[in-house]
1. If you take the residues of region C:214-236 that are part of a helix (DSSP H, G or I) and open to solvent by less than 10 Å² (accessible area, probe 1.4 Å), which of them is farthest from the other protein chains (Cβ to nearest Cβ)?
2. Against the condition away from chain F (no Cβ under 14 Å) and assigned to a helix (DSSP H, G or I), how does E:LEU124 come out, does it pass?
3. Here are the criteria: (1) within 14 Å of chain E (Cβ to nearest Cβ); (2) in contact (Cβ under 8 Å) with a residue 60 or more places away in the chain. Tell me which single one D:ALA26 does not satisfy.
4. Taking the options B:ASP174, B:ASP203, name whichever one is touching an Asp or Glu at 6+ places or on another chain (Cβ under 8 Å) and under 20 Å from B:LEU125 (Cα atoms).
5. Among all residue pairs at least 6 apart or on different chains, which show Cβ distances below 9 Å where the first residue, located in region D:115-135, is touching a residue at least 60 places away in the same chain (Cβ under 8 Å) and the second is charged (D, E, K, R) and not in a helix (DSSP H, G or I)?
6. Could you list all residues from region B:80-95 that are in contact (Cβ under 8 Å) with a residue 40 or more places away in the chain and among the aliphatic types (A, V, I, L, M)?
7. Checking the structure you have, find out if any residue of region B:1-9 is without any contact (Cβ under 8 Å) to a residue 40 or more places away in the chain and either open to solvent by less than 10 Å² (accessible area, probe 1.4 Å) or within 14 Å of chain C (Cβ to nearest Cβ) (or both).
6 protein chains.
Amino acid sequence: VPSILVVNPNTSSEMTAAIDRAARAAAGPATRIATVCATAGPRSIEGALDEAVGALGTLEWVVRRQAEFDAFVFACYSAHPAIAAARELTGKPALGIAEASMALAVLLGHRFSIVTTSPRWKPLLEDAVLLYGFRDRCASVRASGLAVLDLKALPPDQLIETLVAEARAAVAQDGAEVICLGCAGMAGLEARLRAELAVPIVDGVAAGVKLAEALLALGLSTSRVNAYRPIQPRENVGLPPLFQTVYADPTP
Amino acid sequence: VPSILVVNPNTSSEMTAAIDRAARAAAGPATRIATVCATAGPRSIEGALDEAVGALGTLEWVVRRQAEFDAFVFACYSAHPAIAAARELTGKPALGIAEASMALAVLLGHRFSIVTTSPRWKPLLEDAVLLYGFRDRCASVRASGLAVLDLKALPPDQLIETLVAEARAAVAQDGAEVICLGCAGMAGLEARLRAELAVPIVDGVAAGVKLAEALLALGLSTSRVNAYRPIQPRENVGLPPLFQTVYADPTP
Amino acid sequence: VPSILVVNPNTSSEMTAAIDRAARAAAGPATRIATVCATAGPRSIEGALDEAVGALGTLEWVVRRQAEFDAFVFACYSAHPAIAAARELTGKPALGIAEASMALAVLLGHRFSIVTTSPRWKPLLEDAVLLYGFRDRCASVRASGLAVLDLKALPPDQLIETLVAEARAAVAQDGAEVICLGCAGMAGLEARLRAELAVPIVDGVAAGVKLAEALLALGLSTSRVNAYRPIQPRENVGLPPLFQTVYADPTP
Amino acid sequence: VPSILVVNPNTSSEMTAAIDRAARAAAGPATRIATVCATAGPRSIEGALDEAVGALGTLEWVVRRQAEFDAFVFACYSAHPAIAAARELTGKPALGIAEASMALAVLLGHRFSIVTTSPRWKPLLEDAVLLYGFRDRCASVRASGLAVLDLKALPPDQLIETLVAEARAAVAQDGAEVICLGCAGMAGLEARLRAELAVPIVDGVAAGVKLAEALLALGLSTSRVNAYRPIQPRENVGLPPLFQTVYADPTP
Amino acid sequence: VPSILVVNPNTSSEMTAAIDRAARAAAGPATRIATVCATAGPRSIEGALDEAVGALGTLEWVVRRQAEFDAFVFACYSAHPAIAAARELTGKPALGIAEASMALAVLLGHRFSIVTTSPRWKPLLEDAVLLYGFRDRCASVRASGLAVLDLKALPPDQLIETLVAEARAAVAQDGAEVICLGCAGMAGLEARLRAELAVPIVDGVAAGVKLAEALLALGLSTSRVNAYRPIQPRENVGLPPLFQTVYADPTP
Amino acid sequence: VPSILVVNPNTSSEMTAAIDRAARAAAGPATRIATVCATAGPRSIEGALDEAVGALGTLEWVVRRQAEFDAFVFACYSAHPAIAAARELTGKPALGIAEASMALAVLLGHRFSIVTTSPRWKPLLEDAVLLYGFRDRCASVRASGLAVLDLKALPPDQLIETLVAEARAAVAQDGAEVICLGCAGMAGLEARLRAELAVPIVDGVAAGVKLAEALLALGLSTSRVNAYRPIQPRENVGLPPLFQTVYADPTP
């Protein structure tokens, strides 16, 4: 049976639990899902520093459990540096939820918008859209002004209202025909948002799980040519023993 | 159970049979697949005229069987005009195999190349890449010089050799890390190509089926805002009775 | 004497008459103009389905009268699939009015905007702008909310007022310096719009006729290499006899 | 009758005579053509310095004869600074031959290439393609290595052979379907090149004349909003009397 | 000691004095600065005509004093034609203040906006951004509606207020994180603007001087391959004696 | 006096020493330079995993010494995640050598090429070029096939020969007019390369130091709006004490 490890790069147990629920809800009946969170790092990922600081504690799961799982989904809505690193580490499919949600969104309408949290994510996600090559299909990235941790702390109605307002503006003003939920912490909200909005709502966690299943079913995995070719053994200093083994013998 | 109608816009029964095999091989155990070909048109789709001439005979299947199927996959590797038309006709997912293959390919490597048949497809597929928004992720479109019907007529070894040569050139000279098979008639060849090449090979028919399943599982469908909003009843002349009903009552 | 067949891909006789007037007004004294409308299809072209459904009835004119005319202008403001198909069918110049209007508009100012009818046309024309390569010169596509058939049904003053409001917004907010009339049904309105607006107004029908004349005068015609090379004879099924002859002997 | 002043920004009388022949050959029977060359400057325009140095002697013609002519064509294959300046100076159509040739070339095939003279023109014309917004339709700019003045000095056969070789390479290697002659000094060569090549050959002088005629026939002229709005009277020092009048009273 | 000649392409002595103060304030203690203005031309550069008309009087300084100075900075915020011409004339660094300010701005934030003067500069600077390759980093070009000469004529408070309002809108509405002062006449205002705004303010004159110093310190100068290769001696007519020498012997 | 901390994100002492020499050679006489290497990580940075694994040991220097230095230069030729993280951590200028080299290269010629080491860096640096917004000015990224550590291990002549061959190809085939040295390990080679090649050679370490000096001299620093706004205190787990303090009180 296909097995997917969902890795949440932050250290919030509430968000990890919500991500796990969303992943299981999306997974096919035959798929085994496990969800873990970074072993070290801040409780939410709010930008580039948080990504860098939590990267080792995120990648640890790939190093430790790559024999056990068939694919890896990284539940941070960004071009998180752990995604590319994981592709180098393992020959198995490794997907971020941002790229996954965009890959589905383009099948559903002319352009999509991403509704995210803080103003910092707007430029960072514009960069992610650029890097992932979806610029021509992205109508806008809109920051709701929420903090990531608000998503678990605010009253649900207030949360939904804020996100609905941004999504409506994306449709009315930016030409969006599809909305991507721009934070892993929004996983599970899509049903309520669909009830309020007349456009498809794509959750990245669900998208990541389904796309990982699709790749596994087709026997497709990350190309090992150039960008993601296997890493080479090398001298290193100061690393935790687990990562010393990575450079001692990188064969996935 | 999810059901997908695969529509081959040309009128070749050999190609339809091969597409059907590829679609069934890709489909999950619970998915019902049916494959049909256009009721009118040329035996292969070699460009814009063939697309236009066969469009009605392709769309006929959507009109006739939209109540019966949950999603539609159009098995012509192009931005075939029937795809957008089908999205207007039905609220259900409608995917072309070109867009589907690109949406999976970007998850597998830095850039993909498309290996197609005749020199006419090179500019047409460059336009499709542009329209679908994958320009920044597409390393090249390469025409092998084969005709579409060669794919069923040539000795398999010669066919494989020709495609492998183009794919190798795409990797070595254009920076491709993933290869998309740029013709529905290549469906079923990916196993042999993978054996020869060190990069992922994406077949569009398989990609289309898996992505349709993913959308269905997530309850996602085409946005009905703007580009693909429902069509409006209108006077018309000279149309076959089936299409007269479309304009009489377009509600999907 | 140069002769141009203007083909209206919809089946509205009022619009065909208005297009004919605009074409004749634009044509040089030595040019022979004839205007026809599709032999089958909906009364207006409001999107991709309408284009596909009316394509055969539009192309029929090219097949039937290509010996008689020197050039073909397709009077639908879009990247209508009949345009590329006609270029394959005939070695003679074949122009759409959208591409023609943009080719003139760029000579008149820094950026142009397109003022069109329904919200569906906004994404479709953004795609056309992309395909025709004018993205860097296009300030915006603006949908007035009118239906195509409104253009012949509404009181002229109300029509003008609506279009003027959109055009003014394009100039003031989007940086447009030139306005393209984004529907064949607007042909003939440019004089009144010029009276209201301080920027050049380009009508596509007029642009198409003048550009066809220019190409004819210079002995220039569609390239027969790659994208528009002649079609090849092929087996086919279910086609009207006229199109059977196309595949029997495609030499233009 | 429409009248067009063709201004050659260099000071070569041979090139001016050849440009004049090409302009007259392209013009309609009712059009009055006059061709002049810059009153001061180098004998050929080989780059940005030559353009700047000859700009005043080129613009002088517009200042002096704007009442007498209906449109102006600048016969240097580049984004010559005199073109934009002339649009500010006069409300009448003012076209460069580079932009004109590209505006026609896109109507003839999927992509065009420009075959020009010295290696300096390759980057400069790539910039012109970018500025004019034709980047997505331009397959390549190819420098033949000829100097501008070679075009009048070399034996015709050698000249044709050199240009044909570059054009063939553009078609075979770069995907060009149309060739633009990238120097005013190539005007008149298109017949011989067409005999050698299977693709349309666009001469900018002819294109400029026909497009100027088209604009005049349609009553279209440069937008006076923003980029090309009329200049404002201003203090100035050291200018020739003719240009002092420009700043004294800029009304076109 | 490094020496930089700052050339103001207009003929306003007030602006030249302000530019000189800004250049000296920016220069390192060891750098020699001299500032001159065009010997002929309008008192302000408000568009393409002004640039062309003042080009010779600007380039005169490069011809005359190229042996005496190590680098040249052109103090007009645009892609002024004298910049490329100067690079051809001399092997020494030659920078425009627009390009210089953008090259520093991208080091300071995700995107910059340019706040400029008249509405004509908006399209012209959008073209400059495109040509200099900074399109993906430029949030917007905003015209304040001021005339260039207003910058020296208006009460400073009113001036600052106008510019602050545009800059604030760029940050709030366009996503700018950095502001470039889009006119040489704004040199010296950055301190007051920084006091009002929470984002970095880049003055082009200061940027040009520091970048020229940086290039000189690293022994870097303009590439003499292709775009800026040395000019070739050529026949010429009607030029001032100084420019005749340029074509007589162009070796820098 | 201005002080710059140069941080080498790998752990090779030879490379750190060479980087230090290059930084000191580039620095002005009044600038204080210190160069350090990551406290933990692999001996060379050969891709995304190495970047992620060494990020904490790189950022440690910024946390620890941000009070002591005025600016930070990251000596890895890439869009290393530590650069953006450092900008969030500190209000002071923080530059990567890749972005710095490109910002100078565009001032020197029409297009630059980057000559780098392994084939993995080609896609990664193409992404960096895209992110930094220099795509339109980058002629190519060329991988020499060297490993990073070869740069200190191979005989200098062989090294130079390999790099010169790639650089020559970039000039001759890709249209490069300027070469950027695409690895920190190439610092110090530019003199020998300039002797062999006729185009400017930009070393990123030198560029980073001079641009940091320029920003400091002008009082410019990273924008604290949006992308790089200060981080917020947050709960965290498993981090080294130094980084716990970062989240306890992030004020720089």
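The values are calculated or read from the model by the stated rules, or taken from the named source; none is laboratory data. The shown structure was predicted, so the numbers you read here are calculated from the model rather than taken from an experiment. Neighbour counts are summed over all protein chains in view; Cβ atoms, including those assigned to glycine, are modelled from backbone coordinates with ideal geometry. Remember, those area values only see protein heavy atoms, side chains included, never the ligands or the DNA or RNA. Shrake-Rupley method; radii C 1.70, N 1.55, O 1.52, S 1.80 Å.
1. C:LEU215
2. When the stated conditions are applied, E:LEU124 passes them.
3. The number of the failed condition is (1).
4. After ruling out the rest, the residue left standing is B:ASP203.
5. Hits for this filter: D:VAL115/D:ARG142; D:THR116/D:ARG142; D:THR117/D:GLU46; D:SER118/D:GLU46; D:SER118/E:ARG229; D:ARG120/D:GLU46; D:ARG120/E:ARG229; D:TRP121/D:GLU46.
6. Matches in region B:80-95: B:ALA82, B:ALA84, B:LEU89, B:ALA94, B:LEU95.
7. Looking through region B:1-9, none of the residues is without any contact (Cβ under 8 Å) to a residue 40 or more places away in the chain and either open to solvent by less than 10 Å² (accessible area, probe 1.4 Å) or within 14 Å of chain C (Cβ to nearest Cβ) (or both).
Residues are listed down the side, and each one gets a yes or a no for (1) surrounded by fewer than 24 Cβ atoms within 10 Å (Cβ to Cβ); (2) closer than 15 Å to A:ALA94 by Cα; (3) within 14 Å of chain F (Cβ to nearest Cβ):
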{"residue": "A:ARG21", "(1), (2), (3)": "yes, no, no"}
{"residue": "A:ILE33", "(1), (2), (3)": "yes, yes, no"}
{"residue": "A:SER44", "(1), (2), (3)": "no, no, yes"}
{"residue": "A:GLN66", "(1), (2), (3)": "yes, yes, yes"}
